[in-house]
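What follows is a short report on a single structure.
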Amino acid sequence: MNCINCKGDMQEITTTFKSRWGDYTVTIQGVKGHKCDQCDELVFSPEEARMVQNITAGFADSQVKDKPDLINLQETALTICSWIDYTIFVSICVPLFMVR
């Protein structure tokens, strides 16, 4: 992939990105993108850009009082996966043990 500005090589990276929606600003760690090795142009896929926008807008528009200043996507994903694993275990496995 070549940079649209200088035609340099774009390298796939995981970066920290500061996003803003209205008065709300959040720093999101773990955003995947491509960065030019010559001019430092940073480009995100439409999916990554939409995810960042949805996270930022979701918190900005919510009624939550203590909105996060920092979100680590990897930690958040691990927490969600652990919660899903626990939920699946409780809903599927526990009833099996309760059968007499």
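Looking at segment 58-78 only, could you name the residues that are modelled with pLDDT of 70 or more, closer than 19 Å to LYS32 by Cα and assigned to a helix (DSSP H, G or I)?
Matches in segment 58-78: LEU73, GLN74, GLU75, THR76, ALA77.
Residues of segment 37-48 being under 22 Å from ALA60 (Cα atoms) and surrounded by 14 or more Cβ atoms within 10 Å (Cβ to Cβ), which ones? Spell out how you get there, then give the answer.
Narrowing segment 37-48 to residues under 22 Å from ALA60 (Cα atoms): 44, 46-48.
Scanning segment 37-48 gives PHE44, GLU48.
What are the residues in segment 37-55 that are more than 17 Å from ALA77 (Cβ to Cβ) and in a helix (DSSP H, G or I), if any?
PRO46, ALA49, GLN53
When you scan segment 7-36, how many residues do you find that are exposed (fewer than 13 other Cβ atoms within 10 Å of the Cβ) and part of a loop (DSSP other than H, G, I, E, B)?
3
The values are calculated or read from the model by the stated rules, or taken from the named source; none is laboratory data. In this text, all values refer to a predicted model and were calculated from it rather than measured experimentally. Note that each Cβ is placed from the backbone with ideal geometry, even for glycine, and that neighbours are counted across all protein chains shown.
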